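Here it is: the structure, laid out below.
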Amino acid sequence: MKKITSTLLAGFVILSGTWVSAAANSDITLMINGQKVQTDIPLQMVKGRTLAPVRAVAEHLGASVKWDENQHTVFITKGNQKPNITNTYANNTNEIKLVINGKEVKSDVPPVMIGGSTMVPVRTIAEELGSTVEWNEAKHTVWIANRIINPAASDFHGQAMITFSYDDGLDSFYDRALPLHEKYGIPATLNVIAERIKDGANTEFLEAAQIKDAYDRGVEIGSHTYSHYDPLTSNTDDDLDFELAKSKEILLGIVPKVDSLSIPFSAYDHRVREAAKKYYKAVRVFEHQQNNLPPDDPYWLHSAIAVTNEMTFDQIKLRIDEAVQKKKWCIIMLHGIDPNDDDLYEIKPELLEQTLEYVNNLGRDKILPVNTMDGLTIATQKQGK
Ligand SMILES: [Zn+2]
């Protein structure tokens, strides 16, 4: 009782008719997609279940929350699912009901109201939203991770597709972009310059272990040549072959699959194109073009937009909307993600998040997020190849 502060006075909950003290449980840490989440009401342990404010958990997992007072029900929805509030979910008890993506979800420990916040069992919410949950007893920490969802061929029925293709292999991909892609479950392709993979810190490029971890978390690893030094078009035949072969060899020492290439400076000609064919199943260049579905050339893909720090969300949205409307494949080329977007090819995390959230809210039926190789495979399979 000594521990109780003014905020924690609200930390008493009525559960099955008994008063439960929550004060002793206020030291639980909540980690979502590798980032610590601060909540206004501390996490509570009730009957072996961790409860957290519904908004903090759902919104960090890319879902939205609506409270319906009449039905005494919390509606949690992700993506293009519409909260089914018009339906009547019979609720004759004092219990708060949970409806996740239109489905009523029961948990062994029901949600409770504490200090004006609805506290919900973390595991129930996270798992229903497709995330994994781990409890670390030693660190008193709940780890929630979303997964990047790489779609199956059956998810494609002719709708638009979108690919987020990151060049250079910068560490901001790992620190800033990857957690956002996981938040919305949206795939990504990371095109690495093999020579710049570094061991240890003090580099703006990724380490091998981070590349491997990104791959394990669902990111496609592609090549962005070995050195990214001269345009490939000015390489001798031998140098050109080396740039393509060596980068693939190095990356295959880190991850089991490297099938796509993005060409530095988009500098290519017939010779570069043919040389790349020897090692890669797909090539991405930049020409401000949407790709047809299926692509006109099932080997050669164009990026529709190169995102820079001079760009607004509306400019990106325009290209996405165009893809949706015309059922095209929109490939977005990105580089660094940095709050100080002082380099032309750096954008703020907020702009990336706004874009991912927009795509997520459009829904998979309108635009299917894919990585480069999956997109190509899915789109050409449909064609019967
Ligand atoms: Zn580059």
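The values are calculated or read from the model by the stated rules, or taken from the named source; none is laboratory data. A quick note: this is a predicted structure, and the numbers were derived from the prediction, not measured. Backbone-built Cβ (ideal geometry, glycine too); neighbour counts: all protein chains shown. Heads up: the accessible areas ignore ligands, DNA and RNA and are worked out on the full protein's heavy atoms, side chains in. Shrake-Rupley method; radii C 1.70, N 1.55, O 1.52, S 1.80 Å.
Please state which one of K103, K66, K82, K2 is within 30 Å of V359 (Cβ to Cβ), modelled with pLDDT under 80, basic (K, R) and loosely packed, with under 14 Cβ neighbours inside 10 Å.
Exactly one of K103, K66, K82, K2 is within 30 Å of V359 (Cβ to Cβ), modelled with pLDDT under 80, basic (K, R) and loosely packed, with under 14 Cβ neighbours inside 10 Å, namely K82.
Cβ-Cβ below 6 Å, separation at least six or inter-chain, first residue in segment 314-341 and within 16 Å of the ligand (Cβ to nearest atom), second of a type in the set (A, V, I, L, M, F, W, C) and open to solvent by 50 Å² or more (accessible area, probe 1.4 Å): which pairs?
Short answer, once both residue conditions are applied: M333/F286.
Listed residues I221, I186; which is hydrophobic (A, V, I, L, M, F, W, C), out of contact with any Pro (no Cβ under 8 Å at 6 or more places or on another chain) and in contact (Cβ under 8 Å) with a residue 24 or more places away in the chain?
Being hydrophobic (A, V, I, L, M, F, W, C), out of contact with any Pro (no Cβ under 8 Å at 6 or more places or on another chain) and in contact (Cβ under 8 Å) with a residue 24 or more places away in the chain holds for just one of I221, I186, which is I221.
Here is a yes/no grid of residues against (1) over 25 Å from A304 (Cα atoms); (2) within 16 Å of the ligand (Cβ to nearest atom); (3) assigned by TED's automatic domain parsing to the domain that holds D259:
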residue: N136; (1), (2), (3): yes, no, no
residue: K139; (1), (2), (3): yes, no, no
residue: Q159; (1), (2), (3): no, no, yes
residue: I162; (1), (2), (3): no, no, yes
residue: L170; (1), (2), (3): no, yes, yes
residue: F173; (1), (2), (3): no, yes, yes
residue: L178; (1), (2), (3): no, no, yes
residue: L206; (1), (2), (3): yes, yes, yes
residue: G218; (1), (2), (3): no, no, yes
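Return the residue satisfying two criteria in turn: it lies in segment 349-371 and is open to solvent by 80 Å² or more (accessible area, probe 1.4 Å) and more than 14 Å from the chain's Cα centre (by Cα), and of such residues it is nearest to the ligand (Cβ to nearest atom).
For segment 349-371, the residue satisfying everything is K366.
Could you please give the count of residues in segment 272-283 that are within 15 Å of D237 (Cα to Cα) and open to solvent by less than 20 Å² (accessible area, probe 1.4 Å)?
Residues flagged as within 15 Å of D237 (Cα to Cα) and open to solvent by less than 20 Å² (accessible area, probe 1.4 Å) within segment 272-283 amount to 2.
Step by step: first the residues of segment 250-261, then only those that are of a type in the set (V, I, T) and in contact with a strand residue (DSSP E or B) (Cβ under 8 Å, 6 or more places away or on another chain), then the one that is nearest to the ligand (Cβ to nearest atom). Which residue is that?
The qualifying residue nearest to the ligand (Cβ to nearest atom) is V258.
Restricting attention to segment 17-44, which residues are at pLDDT 90 or above, closer than 20 Å to D108 by Cβ and open to solvent by 10 Å² or more (accessible area, probe 1.4 Å)?
Of everything in segment 17-44, just one residue is at pLDDT 90 or above, closer than 20 Å to D108 by Cβ and open to solvent by 10 Å² or more (accessible area, probe 1.4 Å), namely I28.
For a quick check of your reading of the model, give me the residue pairs whose first member lies in segment 247-271 and is open to solvent by 60 Å² or more (accessible area, probe 1.4 Å), whose second is small (G, A, S) and within 16 Å of the ligand (Cβ to nearest atom), with beta-carbon atoms closer than 9 Å and at least 6 apart or on different chains.
E249/A194; Y268/A276
A further question follows. Which residues, counting only those in segment 152-161, are assigned to a loop (DSSP other than H, G, I, E, B) and surrounded by fewer than 17 Cβ atoms within 10 Å (Cβ to Cβ)?
A152, H157, G158, listed by residue number.
Filter segment 262-288 for residues that are more than 10 Å from the ligand (Cβ to nearest atom), in contact with a strand residue (DSSP E or B) (Cβ under 8 Å, 6 or more places away or on another chain) and hydrophobic (A, V, I, L, M, F, W, C); which is farthest from S165 (Cα to Cα)?
A276
A follow-up question, please. Looking at segment 302-309, is at least one residue loosely packed, with under 15 Cβ neighbours inside 10 Å, part of a loop (DSSP other than H, G, I, E, B) and among the polar types (S, T, N, Q)?
no
Restricting segment 220-241 to residues that are open to solvent by less than 50 Å² (accessible area, probe 1.4 Å) and polar (S, T, N, Q), which is nearest to the ligand (Cβ to nearest atom)?
The selected residue is T225.
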